[in-house]
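Colleague: Please find one structure pasted underneath; my questions will follow.
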Amino acid sequence: MVTPHLPPHQAANALLPHLLGQALGARGHTARFLTFGADGGRPETAYVRRRAARLRPTRLPQALEAAETWWKAAPLVRQSELAHIHSSTWMNQVAARLCLRHRRPYVLTHYGTEIWHHDRRDERFRRFNRDAAHVAFYSQALLDRARELELPLRRASVVYPPVADAFRARTAAEREALRARLLPDGGALLLNVKRLHPLADHATLLEAMDRVRRQRKDAVLLIAGQGEEEAGLKARAERLGLGSAVRFLGLVPNDEVAELQAAADLFVLSSVLEATPTVALEALASGTPVVSTDNPGGKELAGVFGDDVSVVPMRDPAALAEAILAFLAVLCWTREVTAGVVAGRFRLAGVTDCYLELYREALEA
């Protein structure tokens, strides 16, 4: 598994390799990892140190990362039957070249950004895709976009992200106990779990929350995540006078995120760009409905889950606030059919089956 992130990061390309590695281990397979970061002591994991961002325009950090990747990935590739590469970074592309050098096939999974922002001119990226035994996409919209870009693909398919078993609907008593810890005085609980990044557009979410509070003084928004936008978002919340109505929780461990998802009345996704938003799937698996902007992933989930996902125009605080208030007016959990769809298409066992089939196909090619 070659991935830029692993937990406690909540990025999709951290959670999938981590969960998939656990599931493969439970079935008797061995998964090793190559990732960015300082040595975190994780078993079967090699780390490539990320160099200073301020020097990246010089290309020196990328060259150093590539050299370290070559050194650390080579023994992992030689010991493996195949590689599963998650997203596109210098580290990932170097690992792919090593796979070719040692005649090991690799499966590639795309999560969003690398496809949405591809300009057709990056020949290294196009070769990276062409040489993969199979390219899996996180959503149908993402695969459609890759085909529009005429990305060279030997084989391609959509494999939706898995939802960990910790994300489940709770009994009424369990849910009330969770809510009592978070909202001891009661009220309506809204949740967002995303890295604090411009594409998540938390600014629109805060503006919408300001409108919601004018009608629902008891509404509280929890934002789980960290990132470069944190200081500016906290300042915006203060300017809007939101005070304790918005709580920035920072980076939250995945088991605690599961409790937040189960306790919330509504999950709110304000992003301007998503493939398949795993955090929204986790909410639905927990019995919590979703309001999303009309980013590609939000629209795709609405097509799968129907009325349990409401979609509004992006960057429109008034529309987002109106949808939030509509859900809060008729508080309810997700429908039984949604639980069935999650169980059938989005649980880890099924996703693991899909990838094992891709691995077998790659090894037999």
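The values are calculated or read from the model by the stated rules, or taken from the named source; none is laboratory data. Since the structure is predicted, the reported quantities are computational estimates derived from the model, not experimental observations. With ideal geometry, Cβ positions are generated from the backbone for all residues, glycine too; neighbour counts draw on all protein chains shown. Each accessible area value is taken on the protein alone, full model and side chains, heavy atoms only, with ligands, DNA and RNA left out. Shrake-Rupley method; radii C 1.70, N 1.55, O 1.52, S 1.80 Å.
Colleague: Between ARG181 and ASP307, what FRET efficiency follows from the Cβ-Cβ distance if R0 is 45 Å, with the result rounded to 0.05?
Modeller: 0.95
Colleague: Which of the aspartates and glutamates could be linked to LYS72 by a straight reach, that is with a Cα gap under 14 Å, when you skip same-chain ones fewer than 8 residues away?
Modeller: Correct list for LYS72: ASP39, GLU44.
Colleague: State the extension gain, in nm to one decimal, for the chain segment bounded by GLN62 and LYS234, taking 0.36 nm per residue of separation less the distance between their alpha-carbons.
Modeller: Taking GLN62 through LYS234 to full extension adds about 58.7 nm, to one decimal.
Colleague: Highest GNM mean-square fluctuation, the chain, Cα pairs closer than 10 Å: which of ASP119, ASP307, ASP210?
Modeller: Of ASP119, ASP307, ASP210, the most mobile in the Gaussian network model is ASP119.
Colleague: Let me make sure I get this right: for the stretch 109-155, a, b and c are the square roots of the gyration tensor eigenvalues over alpha carbons, sorted descending. Under 1.5 in a/c it's rounded, otherwise prolate if a/b > b/c, else oblate. Which is it?
Modeller: Because a/c hits 1.5 or more and a/b fails to exceed b/c, the stretch 109-155 counts as oblate.
Colleague: Using R₀ = 35 Å, calculate the FRET efficiency as 1/(1 + (r/R₀)^6) where r is the Cβ-Cβ separation of ALA52 and GLN22; round to 0.05.
Modeller: Between ALA52 and GLN22 the formula returns 0.60.
Colleague: Taking the Cα centre as origin and putting +1 on Lys and Arg beta-carbons and -1 on Asp and Glu beta-carbons, what dipole magnitude results for the stretch 62-193, to the nearest 20 debye?
Modeller: 500 debye
Colleague: Which far-off residues, 5 or more places away or on another chain, put their amide H under 5 Å from the one on ARG32, with H placed in the peptide plane?
Modeller: For ARG32, whose amide H was placed from the backbone, there are no distant partners under 5 Å.
Colleague: 222 nm [θ] for the chain, helices only, -39500 (n - 2.57) per DSSP H run of 4+, per residue, to 500?
Modeller: Taken over the chain, the calculation gives -14500 deg cm²/dmol.
Colleague: Can you work out the accessible area per residue across the stretch 65-197, with the rest of the protein chains kept in place, probe 1.4 Å, in square angstrom?
Modeller: Result: 46 Å² per residue.
Colleague: Another question, if that's okay. For the stretch 280-365, what is the accessible area per residue in Å² when the probe is 1.4 Å?
Modeller: Heavy-atom accessible area per residue stands at 42 Å².
Colleague: Work out how much length ARG130 to ARG101 would gain on full extension: take 0.36 nm times their residue separation and subtract the Cα-Cα distance, in nm to one decimal.
Modeller: The span from ARG130 to ARG101 would gain 8.9 nm if fully extended.
Colleague: Right, another one. Across the stretch 240-252, in residue order, what do the Karplus-derived ³J(HN,Hα) couplings come to in whole Hz, using 6.51 cos²θ - 1.76 cosθ + 1.60 with θ = phi - 60° and x for Gly and Pro?
Modeller: For the stretch 240-252, the Karplus-derived couplings read 7, x, 7, x, 6, 6, 10, 10, 8, 8, x, 6, 10 Hz, x marking Gly and Pro.
Colleague: Still on this structure: Straight-line reach from LYS194: which lysines fall under 23 Å, measuring Cα to Cα and dropping same-chain residues less than 8 apart?
Modeller: Within the straight-line limit of under 23 Å, LYS194 reaches these lysines: LYS234, LYS299.
Colleague: Next question, about the same structure. Which percent of the accessible heavy-atom area of the chain goes to carbon and sulfur, probe 1.4 angstrom?
Modeller: With neighbouring chains kept in place, the figure for the chain is 50 percent.
Colleague: In whole angstrom, and with the biggest value first, how far do the Cα coordinates of the stretch 1-119 range along each principal axis?
Modeller: Largest first, the stretch 1-119 extends 44, 32, 30 Å along its Cα principal axes.
Colleague: Report the one residue of VAL246, VAL279, LEU199 whose Cα lies farthest in the direction of the positive end of the charge dipole of the stretch 161-306 (charges on C-beta: Lys and Arg +1, Asp and Glu -1; origin at the Cα centre).
Modeller: Projecting each Cα onto the dipole axis, the largest value belongs to VAL246.
Colleague: Report the label-to-label distance for ALA326 and THR113 in nanometres (one decimal), using points 7 Å from each Cα along the Cα→Cβ vector.
Modeller: Label at ALA326, label at THR113, 3.2 nm between them.
Colleague: How far, in degrees from 0 to 90, does helix 60-79 lean away from the longest principal axis of the Cα atoms of the chain, to the nearest 10?
Modeller: Approximately 70 degrees, to the nearest ten.
Colleague: Could you give the nm distance between label points at HIS29 and LEU363, where each point is 7 Å from its Cα heading toward the beta carbon?
Modeller: About 0.8 nm, to one decimal.
Colleague: Also, quick follow-up: What distance in nm separates the simple spin-label points at ASP218 and TRP71, each placed 7 Å from Cα in the Cβ direction?
Modeller: For the pair ASP218/TRP71, the computed spacing is 6.0 nm.
Colleague: Whole-Hz ³J(HN,Hα) for each residue in the stretch 120-137, computed from phi via Karplus 6.51 cos²θ - 1.76 cosθ + 1.60 with θ = phi - 60°, x for glycine and proline: what do you get?
Modeller: Once θ is set to phi - 60°, the couplings for the stretch 120-137 become 6, 9, 7, 5, 4, 5, 5, 5, 4, 6, 4, 7, 6, 5, 7, 10, 9, 10 Hz.
Colleague: While we're here: In a GNM of the chain with a 10 Å cut-off on Cα contacts, which of GLU230, GLU336, GLU274 has the highest mean-square fluctuation?
Modeller: GLU336
Colleague: Placing unit charges on C-beta atoms (Lys and Arg positive, Asp and Glu negative, everything else neutral), compute the dipole magnitude of the chain about its Cα centre in debye, rounded to 20.
Modeller: Roughly 1200 debye, rounded to the nearest 20.
Colleague: Let me cross-check ARG97: its accessible surface, 1.4 Å probe, with only protein heavy atoms counted, in Å² to the nearest 10?
Modeller: Looks like 100 Å² after rounding.
Colleague: Would you check the accessible area of THR278, probe 1.4 Å, heavy atoms only, in square angstrom rounded to 10?
Modeller: Here the residue's solvent-accessible area equals roughly 10 Å².
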